[in-house]
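Here the structure comes first, spelled out in structure tokens, and everything after it is commentary.
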Amino acid sequence: MTILHSDSGKSWHGGQLQMQMLVEGLTAAGITCGVRSPLLDQPVDSWDLQHCHDARSHTFARRPFVVSRRVGFPVQRTLISQWKYSRAAAYLAVSNYVADELGQAGVPASKIFVVPDAIRPIPPADRSTGRILLLSKNGQTVPGAVAVRDLREDLRECDVFIYLSDMEGLGSAALLAQAAGVPVIASRAGGLPEAVKFGTVIDHVDQVRRAIDETREMTVDPEAILREFSVERMVERTLAVYRKVLSC
């Protein structure tokens, strides 16, 4: 089995990291992978299946192909969009929320598979500092919280992680925090609640202060997070989709 991974992004973000981890994991599992990307170019002469990791590569993909959808925004209902979303052999939705959005856009349920993002192990946090870390994607602030600068480094000294957003496909930062042993307070936005295994989901920023008092006493099981959202699990779920599409 040879898979061509396609991504047109010219800057390094979460989607590019997920593609890199998937390619590395598939290669370790004995799958031949090529990559067509401005950031990760790994040529391959021919392939059995194309895996598209962003909207542009999805639009111009050559059949047979599958698509990873990691954003929570609704699929547009234009004629072009309807044509585009009728072509893929399968969609790998990053969460149940994204899977539901695809279904509402008319994608048959038989073509939708939930494949969450993966995270890598991270050093355990020192929660004795009492530090409250904030990742805000909607401009909301929390008095006393420290804004994220470098997430992996910031989580080394953190008691509670707050993630405020208006829309998320899943929310890998929340998973990473829990993998460091830090409980999470997150907005009820898109698939973000699905990422909160140890913590609290809030409907409004006014609920943050009470949630901090409740959440900071929680115990987190990092190993449970790392097992459920490991690269190996992502590879396993992805391979199952490939084999179903290729019937092998």
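Every number in this text was worked out from the coordinates using simple rules, so none of it is lab data. Please read all numbers here as calculations on a predicted model, not as lab measurements. Here Cβ is always computed from backbone atoms with ideal geometry, including for glycine, and neighbour counts include all displayed protein chains.
Approximating the spin labels as points 7 Å out from Cα along Cα→Cβ, the Val146-to-Asp213 distance works out to 2.4 nm.
If you take the Cα Rg of the chain and divide it by 2.2 N^0.38 Å, with N the number of residues, what do you get?
In units of the 2.2 N^0.38 Å rule of thumb, it is 1.05.
Taking each DSSP H run with n ≥ 4 as -39500 (n - 2.57) and averaging over every residue of the chain yields -9000 deg cm²/dmol at 222 nm.
With each label modelled as a point 7 angstrom along the Cα→C-beta vector, the Asp48-Phe73 pair spans 3.5 nm. Take the Cβ atoms of Arg87 and Asp221, set R0 to 51 Å, and the FRET efficiency comes out at 0.80. The gain in end-to-end length when the Val205 to Thr27 segment is fully stretched comes to 59.8 nm, 0.36 nm per residue minus the alpha carbon separation.
Give me the base-10 log of I(q)/I(0) for region 74-192 at each q in 0.12, 0.20, 0.21 Å⁻¹, Debye formula, one uniform scatterer per Cα, rounded to two decimals. Debye intensities relative to I(0), on a log10 scale: -0.54, -1.00, -1.06. Shown for the chain: lysine pairs separated by 8 or more places, or found on different chains, whose C-alpha atoms are under 23 Å apart, numbering 6.
Charge tally for Ala29 (other residues, Cβ to Cβ under 11 Å; Lys, Arg +1; Asp, Glu -1): -3.
To the nearest 0.05, what FRET efficiency results for Ile80 and Asp166 with a Förster distance of 25 Å applied to their C-beta separation?
Numbers: r = 26 Å, r/R0 = 1.03.
FRET efficiency, Ile80 to Asp166: 0.45.
With viscosity set to 1.567 mPa s and temperature to 4 °C, compute the Stokes-Einstein D of region 126-248, Rh being the Kirkwood radius across alpha carbon pairs; µm²/s, no decimals. Once the numbers are plugged in, D ends up at 86 µm²/s.
Once the convex hull of all Cα atoms in region 44-91 is built, its volume per residue stands at 76 Å³.
To check you understand DSSP bridge types, tell me what percent of the beta bridges within the chain (both residues inside) are antiparallel, rounded to 5.
Working: 1 of 34 bridges.
Of the beta bridges lying entirely in the chain, close to 5 percent run antiparallel.
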